[in-house]
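Input: a single structure, listed below in structure tokens.
The values are calculated or read from the model by the stated rules, or taken from the named source; none is laboratory data. Just so you know, these numbers come straight off a predicted model, no measurement behind them. Cβ sites come from the backbone with ideal geometry, for glycine too, and all protein chains shown count toward neighbours. Note: areas computed on protein heavy atoms with side chains; ligands, DNA, RNA excluded. Shrake-Rupley method; radii C 1.70, N 1.55, O 1.52, S 1.80 Å.
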Amino acid sequence: PSKTITACAVLDGGNPRNATRKSIAALCPLVCAAGVGNLEMIDTLLDQSGCSYQVTEALHAMLQSSSSAEVKIEGTQLLVCAGANPFEDIPTSNMSQECETAVNVGARVGPAIMLRSVVSSGREFLKTRQLSRRRDPKLQQQPESFFKTIESRENLEVKDAMKSALLTALARSFSQQQPEDLSLASVLYEEGAKLDNQDLSRLQLCIKGSKFASGTPETLDRCMMAVYDRCTASQYDSRDIDYDRTPLAANSFLLLQMPWMRSCLDVFCSCYWLTENLDKTEMAPTEDIHDEEVALVSQEGLKFITHGSIISCKSGKLESAIRFAKMNSRYRSGETVELQIPIPAEMLRHMIQHFYHGSICFTGPPMSDKGLCRYLLELMIVAEEFLCLDLVKEIEMRLLSSDPQSCFCWNCCRAVRAHPRQVGNRKAQCMYCIDTNSRLVAENTVLDVLGLLEFMEAPEYTLQLLPMNIKTLRCVQSTRLWADHDDVKWLSNIALATLRDTVNLVVLRKFAQVVETASFLESTNVSADGSESQKNLLLQMSLDDLRRNSLLSPLQKKTIPLSGEVPQNRFPNT
């Protein structure tokens, strides 16, 4: 070994200090033996006492050799046990400043079984080394912080190496479209490689520009804005409607008069206004609306008495059903129209709440996140069937939000204004906003959401994506928000596009957990070959969608004047 080092020094100009690590490794006997896959020679060299070899460089040479996978796996285990670090960056050549880890090499050359061996061997050796360090008698007097500092640095090295290898494998999978590359990326996910949104931003830039950009891309906070129309019982002063929203309360008072609604509020309600005004139903409209009554009958046979004019303007299907029922020869003027609605009573209650109050009001014991997500997906399908576009929009916003049970009603929403295309001030527009840190779209629900997105056609509405966090948004003047909304200054996503982007990020961040869920395993028929092909298909589809993901793409950020203080509860209780 000493002669080898001297020879390398001569090659680099006669000065031993000029000998690079790569030039030394080039003539190292162990590296040469690994490069041709000679396991016997590797074993012999490692058995020699007092010799120091470039074991990590030898591991790189072994992985890039033309040997069989079995030889590579056995050689990897020998070299890692001798001290080779699969997670250490070493130069790729004498003339290049680029570095690469053995994990990255394994993810590049494959096969998957060999890559898994490299990672697992490296992790096991690191665990053994950390344990030996703690048991070393010479280090027994060191404080706990001493060990934690070293282990933290080692663990960070592993994390960065796995992340770098996964990003490279995913970028290659997108460009090459080969199942082998997708399988290698899957192995890295399963072995614990993790990505965050910044990593996915880098990957998106690489996919668009064919190489990884240097540095960390800027990631902006996002929030979503949506708007719905609200009818009023009487005319109102358009200048004061955002500060005194009393004219919008008429239909909500009608909702409070319904016996089933009052019993729901006895337990819990997500809307502060409903709870506070439970005993003020005398303020509801007093005009005779008996000829407007429509009975909606759930699949359990429960009957809900509603007002035809209210539900008709929110559901195109119910409007047509009411009109058809009145055309029936047996219908008499003034009779209550009865419609059979083949959905559970709980869903029908939430639809009626949306019709009257402008928002679902969650009552009763809280659901689990998984249960709530699946319930909202089912309700979204029902809303689409009954042509309730505002309800579909509301459910998408709930699925995207970190607080999916918040209220979006006329009182709880961010801003209200007179409808710009309505004459007579009998209709208003309500704006509500959310963050995009979805609580419900997670690894155990993402395939359910993806299934719905493949099933549903996008309704005709848009959501605006703003480059600011929700706290900043609360400080923006309402007039400024409405002006930006009308000018479409922010990115407008078509219906369900933002939800699909969220699904895309969850799959790429938590792919290993997603493919272990019951939903995924059931879809693969518990077949090994079927499971592998389904994994590759899901990963390839996610990479294709990443290219146009709006939650990562830079948005045009504009300067927005703030009002100077965060608005408090400035709306008087009716």
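Observations, loosely collected:
- The slack between E40 and S492, meaning 0.36 nm per residue of separation minus the straight C-alpha distance, is 156.3 nm.
- A compact globular protein would have a Cα radius of gyration near 2.2 N^0.38 Å; the ratio found for the stretch 129-171 is 1.60.
- With a 1.4 Å probe rolled over the protein heavy atoms of all chains, the accessible area of S320, S359 falls in the order S320, S359, largest first.
- Dimensionless Rg over Rh [the stretch 155-201; C-alpha; Kirkwood]: 0.97
- Placing dummy labels 7 Å off each Cα toward the beta-carbon, the span from A483 to S238 is 1.7 nm.
- Simple spin-label estimate for E460 and K317 in nanometres, 7 Å along Cα-Cβ: 1.8 nm
- Alpha carbon centroid spacing (whole Å) that separates the stretch 145-161 from the stretch 247-266: 58 Å
- Given K194/K471; K72/K208; K163/K535; K489/K535, the pairs whose alpha carbons are separated by over 31 Å: K72/K208; K489/K535
- Environment charge at L188 (Cβ cut-off 14 Å; Lys +1, Arg +1, Asp -1, Glu -1): +4
- Were the residues from M541 through R134 laid out at 0.36 nm apart, the gain over their Cα-Cα distance would be 142.0 nm.
- These residues, K148, K317, K427, go from largest to smallest accessible area, 1.4 Å probe, as K148, K317, K427.
- Equivalent ellipsoid dimensions for the stretch 347-434 as semi-axes, Å, which come from the Cα gyration tensor, largest first: 25, 15, 11
- Label-point gap, in nm, between L521 and S333 - each point 7 angstrom along Cα→Cβ: 6.5 nm
- Cβ-defined net charge surrounding I343, 13 Å radius [Lys, Arg +1; Asp, Glu -1]: -3
- More than 25 Å apart - percent of Cα-Cα pairs taken over the stretch 435-546: 36 percent
- Volume in Å³ per residue [convex hull over Cα atoms, computed for the stretch 63-149]: 123 Å³
- Loop-located chymotrypsin sites (Phe, Trp or Tyr not before Pro) in the stretch 119-198, at most 13 other Cβ atoms within 10 Å (DSSP): none
- The heavy atoms of V119 offer some 0 square angstrom of accessible surface to a 1.4 angstrom probe.
- Ranked order, C231, C81 - accessible area, probe 1.4 Å, largest first: C81, C231
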